[in-house]
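The values are calculated or read from the model by the stated rules, or taken from the named source; none is laboratory data. Not measured: the values here are computed from a predicted model. In this analysis, Cβ positions are derived from the backbone assuming ideal geometry, glycine residues included, and neighbour counts consider all displayed protein chains. Side chains are part of the model used for accessible areas, which takes the heavy atoms of the whole protein and leaves out ligands, DNA and RNA. Shrake-Rupley method; radii C 1.70, N 1.55, O 1.52, S 1.80 Å.
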Amino acid sequence: MKKLKAAIIGTAGISGVHISGYLAQPEKVELYALCDIDHEKALKVAEKHNVPKERVFTDYNDMLKDKEIDIVSVCTWNAAHAPATIASLNAGKHVICEKPMAMNAKEAAAMKEAADKSGKLLMIGFVRRYGNDCRVALDFINGGNVGEIYYGKATYLRRHGFPGGWFGDKKYSGGGPLIDLGVHVIDLARYLMGGHMPVSVYGVTSDKLGCRPELKSTTKDHVSTSKSGDFDFSVEDFAAAMIRFDNGAVLSVEASFDLNIKSGVGNLELFGTKGGLKLSPELELFTNINDYPVNVSFADSTALSFSGLFEKEMVHFVDCVNGVTECISPAEEGVILMKILDAIYESAATGHEVIIK
Ligand SMILES: NC(=O)c1ccc[n+]([C@@H]2O[C@H](COP(=O)([O-])OP(=O)(O)OC[C@H]3O[C@@H](n4cnc5c(N)ncnc54)[C@H](O)[C@@H]3O)[C@@H](O)[C@H]2O)c1
């Protein structure tokens, strides 16, 4: 099998786990080229991983001219996902693009079209699909232990957790906690609920708290991630929604950067005709045995483990490119997710239910 040459677009935060995912497969992948509009950042990463300076770029169009590159990780802020992904696909590269797939469903559809035209893989970084908790939950669901799932409850609530910088600036992010955090749990819920198509959405968003740079910490000099740099805070700080699927099942979602809640919550609960599943902090099944209500927990830990999580995703990407396996988070799943997010924002803006076509 040919060793794949990998390039990274956007060499800061999340790119680190893409790079370590590639480096974990030295017989299959070589970290080959890097691109960031901030040249210094990319050069530092290049130095750390022995990527020659000639293969460090500030414009991905220049980098993508290199025919040697086989695969590309798009790890930029959200506004650059669509242009960088489309340029990579048009240049004949396979792409893994970080979540959220794009700023909106229109961009996502254009990305999928580019993938279809090029015949190359476009995988979306829905990393929660690769979690150990997801694997066990799916096994339990497929084993018939939950029955027909008719309701789900997904939460990703932070008490004070605005990530700072561009994440708060709508021009770069497309939105706040809904598109940044909600996207993870909505996708995970939809995946575990059987991957049904969304038909309608009622959503609300709020920006009453903002990013609260004034908050004090009892343990640190200051707690805030603040507005930082040249970015404006122009997104929601809280979002909630009810999503209806074509099989009649409903998912409720709550996501926040800032909320006056005792402590942050990240959880997914699924309710079926035979049992209920709760994913966090440990997976539990609520069912009946011999007509007694019984709670089932696992002897071994089922808590989501971040150790090796992204590596699993990157191994899957490389295996898909090599034709070893079928992609479990392809572009079409990202498009559906973006339609849900668009509908929630539209419903929040209009105050009405939005029908998804
Ligand atoms: N899967 C996850 O759990 C997870 C976690 C964190 C971030 N993310 C996603 O990863 C993406 C990046 O987030 P981050 O935290 O790494 O952000 P970051 O700000 O740390 O890094 C983004 C980098 O992209 C660069 N960039 C922007 N536009 C570019 C362009 N046109 N060409 C080249 N480089 C460009 C920026 O200069 C910056 O260095 C976001 O979409 C975010 O939602 C996913």
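May I ask you to verify whether TYR130 is in contact with a helix residue (DSSP H, G or I) (Cβ under 6 Å, 6 or more places away or on another chain) and over 18 Å from GLU254 (Cα atoms)? Here the answer is yes, as TYR130 does meet what is asked.
From the set of residues in segment 311-328 that are open to solvent by 50 Å² or more (accessible area, probe 1.4 Å) and outside any helix (DSSP H, G or I), which is farthest from LEU285 (Cα to Cα)? Walk me through how you get there before you give the answer.
We begin by selecting, within segment 311-328, every residue open to solvent by 50 Å² or more (accessible area, probe 1.4 Å); these are 311-312, 323-326, 328.
Right, trim to outside any helix (DSSP H, G or I) and you get 323-326, 328.
On the way: GLY323: 36, VAL324: 33, THR325: 30, GLU326: 29, ILE328: 25 Å.
The qualifying residue farthest from LEU285 (Cα to Cα) is GLY323.
If I go through segment 1-41 residue by residue, how many of them are touching a strand residue (DSSP E or B) at 6+ places or on another chain (Cβ under 8 Å), without any contact (Cβ under 8 Å) to a residue 60 or more places away in the chain and within 8 Å of the ligand (Cβ to nearest atom)? Final tally of qualifying residues: 2. Residues of segment 267-310 being more than 30 Å from ALA24 (Cα to Cα), open to solvent by less than 40 Å² (accessible area, probe 1.4 Å) and among the hydroxyl-bearing types (Ser, Thr, Tyr), which ones? The one that is more than 30 Å from ALA24 (Cα to Cα), open to solvent by less than 40 Å² (accessible area, probe 1.4 Å) and among the hydroxyl-bearing types (Ser, Thr, Tyr): THR287. Scanning segment 245-257 for residues that are touching an Asp or Glu at 6+ places or on another chain (Cβ under 9 Å) and not in a loop (DSSP other than H, G, I, E, B) gives ALA255, SER256.
All conditions in (1) away from the ligand (no atom under 11 Å from the Cβ); (2) open to solvent by less than 10 Å² (accessible area, probe 1.4 Å); (3) in contact (Cβ under 8 Å) with a residue 40 or more places away in the chain hold for ALA46, with the sole exception of (3).
Selection of segment 180-193 for residues being in a helix (DSSP H, G or I) and of a type in the set (A, V, I, L, M) yields LEU181, VAL183, VAL185, ILE186, LEU188, ALA189, LEU192. Taken over segment 105-139, residues that are crowded, with 20+ Cβ neighbours inside 10 Å, in contact with a strand residue (DSSP E or B) (Cβ under 7 Å, 6 or more places away or on another chain) and not basic (Lys, Arg) amount to 7.
Checking each residue in segment 156-179 for being in a helix (DSSP H, G or I) and out of contact with any Pro (no Cβ under 7 Å at 6 or more places or on another chain) picks out GLY165, TRP166, PHE167, GLY168, LYS170, LYS171, TYR172, SER173, PRO177, LEU178.
If the Cβ limit is 7 Å and pairs must be 6+ apart or interchain, which residue in segment 74-86 that is farther than 16 Å from LYS120 by Cα pairs with which residue that is surrounded by fewer than 24 Cβ atoms within 10 Å (Cβ to Cβ) and of a type in the set (Phe, Trp, Tyr)? These pairs meet every condition: TRP77/TRP166; TRP77/TYR172; ASN78/TYR172; ALA79/TYR172.
Just one of GLY10, GLY16 is buried (at least 16 other Cβ atoms within 10 Å of the Cβ) and within 22 Å of VAL127 (Cα to Cα); which is it?
It is GLY10.
Restricting attention to segment 70-97, the residues that are touching a strand residue (DSSP E or B) at 6+ places or on another chain (Cβ under 7 Å) and more than 26 Å from MET1 (Cα to Cα) total 4. Only a single item in (1) closer than 13 Å to PRO198 by Cβ; (2) open to solvent by less than 30 Å² (accessible area, probe 1.4 Å) is not met by ALA331, and it is number (1).
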